[in-house]
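What follows is one structure encoded as structure tokens, with my remarks underneath.
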Ligand code: SAM
């Protein structure tokens, strides 16, 4: 099915909803090929907008729930897709949305784990809080494909020792395999954003490579460790763990947080947890 009619795109786009509509067919095809939706799968699209991704997603025969905040886009979305079987539109804010309400509980799908496939050309203003919300629900998610500012994708996929390594990448990589798939130039959108974009795939670990740890504590530790990027761990973590215990864990208290690997953050978390 072709996307919904989308004349006066520039006039229609609302900045406050982060609306940059995709119009480049090659980019749309590449995203859909990366997602590779199939009949019977449960796909959730965040921010369908004018249907650029919704149309090929729904053509795949998957069960498709879309969550759109802008109520002015709802009539056209309903006109284009409401007759498609398995299509449900939620006029809601994805940040408040209860994703577990979409889980199938039929006998055919008895397992609640890792069911949902989440897709979205995300409004850039909500992308970080939305990713943190979805990471908190990672047990029910099979995978996520997002268009984001390239800078955010670089932070998600960063490695230790890199200036992009920080809270977002560490928490995402603890929960998921992170893949920076490809970049998307501004001219693929209307209106054109001022920044480069990229597609990222986040796949929650079915079998995590990391030791278990208390996630809330990990989050607190990482937040404190990166609170002042130029300060040492000794300074940033002084309220949480003292230098001698860091040394006992093989961590140099004079180092900066961006040099630490995820495994070391987990080891520190477990050392604090054992004590508390
Ligand atoms: N998917 C369309 C495309 O690729 O052309 C539109 C993408 S546009 C970057 C972001 C979409 O998310 C818009 O349709 C916008 O109205 C919607 N949106 C913005 N904030 C939202 C929120 N909090 N919850 C759900 N949708 C939101």
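Just so you know, all these numbers are worked out from the coordinates, no wet-lab data involved. Everything quoted here is computed from the prediction, not taken from an experiment. Cβ placement follows ideal geometry from the backbone for every residue including glycine, while neighbour counts extend to all protein chains displayed.
Let me make sure I get this right: for the stretch 215-275, a, b and c are the square roots of the gyration tensor eigenvalues over alpha carbons, sorted descending. Under 1.5 in a/c it's rounded, otherwise prolate if a/b > b/c, else oblate. Which is it? Could the numbers behind the result be given before it?
Values: a/c = 1.42, a/b = 1.16, b/c = 1.22.
Rounded, since a/c falls under 1.5.
For the chain, what does the relative contact order come out to in percent, with C-alpha contacts under 8 Å and a separation of six or more?
Working: 460 pairs, mean separation 43.1, N = 276.
In percent, rounded to a whole number, it is 16.
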How would you order 80-91, 51-62 from highest to lowest mean count of nearby Cβ atoms within 10 Å? 51-62, 80-91
Spin-label model distance (nm) - residue 228 vs residue 159, 7 Å beyond Cα toward Cβ: 3.0 nm
Just to be sure I understand the model, the point goes 7 Å from the Cα along the line to the Cβ. What's the resulting residue 194 to residue 177 distance in nm? 3.7 nm
Calculated from DSSP helices alone, with each H run of at least 4 adding -39500 (n - 2.57) and the total divided by the residues of the chain, [θ]222 nm to the nearest 500 comes to -9000 deg cm²/dmol
What list do you get for 65, 29 if you sort them by fewest beta carbons within 10 Å? 29, 65
Rounded to the nearest 10 degrees, the helix 25-35 long axis (Cα) sits at an angle to the longest Cα principal axis of the chain of 60 degrees
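If I stretch the segment between residue 17 and residue 263 completely, what's the gain in nm (0.36 nm per residue apart, minus their alpha carbon distance), one decimal?
On the way: separation 246, 0.36 × 246 = 88.56 nm, distance 3.75 nm.
Extra length from residue 17 to residue 263 when fully extended: 84.8 nm.
Apply the a/c threshold of 1.5 to the C-alpha gyration tensor of the chain and tell me whether it is rounded, prolate or oblate.
Working: a/c = 2.62, a/b = 1.79, b/c = 1.46.
Since a/c reaches 1.5 and a/b is larger than b/c, the shape of the chain is classed as prolate.
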Neighbour-count ranking for 265, 17 (other C-beta within 10 angstrom, fewest to most) reads 17, 265
Quick calc: nm separation of the 7 Å Cα→Cβ label points for residue 103 and residue 91 -> 2.9 nm
Row for the stretch 149-276, column shape: gyration tensor on C-alpha, a ≥ b ≥ c, rounded if a/c < 1.5 i.e. under 1.5, prolate if a/b over b/c, else oblate; value prolate
Mind giving me the FRET efficiency for residue 214 and residue 242? R0 is 22 Å, r the Cβ-Cβ distance, nearest 0.05 is fine. 0.70
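Please work out how much length the chain gains when fully extended from residue 25 to residue 132, using 0.36 nm per residue of separation minus the C-alpha to C-alpha distance, in nm with one decimal.
Gain on stretching residue 25 to residue 132: 35.5 nm.
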Restricted to the chain, the DSSP antiparallel beta bridge percent, nearest 5, is 45 percent
Acute angle (nearest 10 degrees) that the helix 262-275 long axis makes with the longest principal axis of the chain, alpha-carbon atoms: 60 degrees
Among 260, 95, which comes first, second and so on when ranked by fewest other beta-carbon atoms within 10 Å? 95, 260
Find the centroid of the Cα atoms in the stretch 165-210 and in the stretch 219-251, then give the distance between the two in whole Å. 27 Å
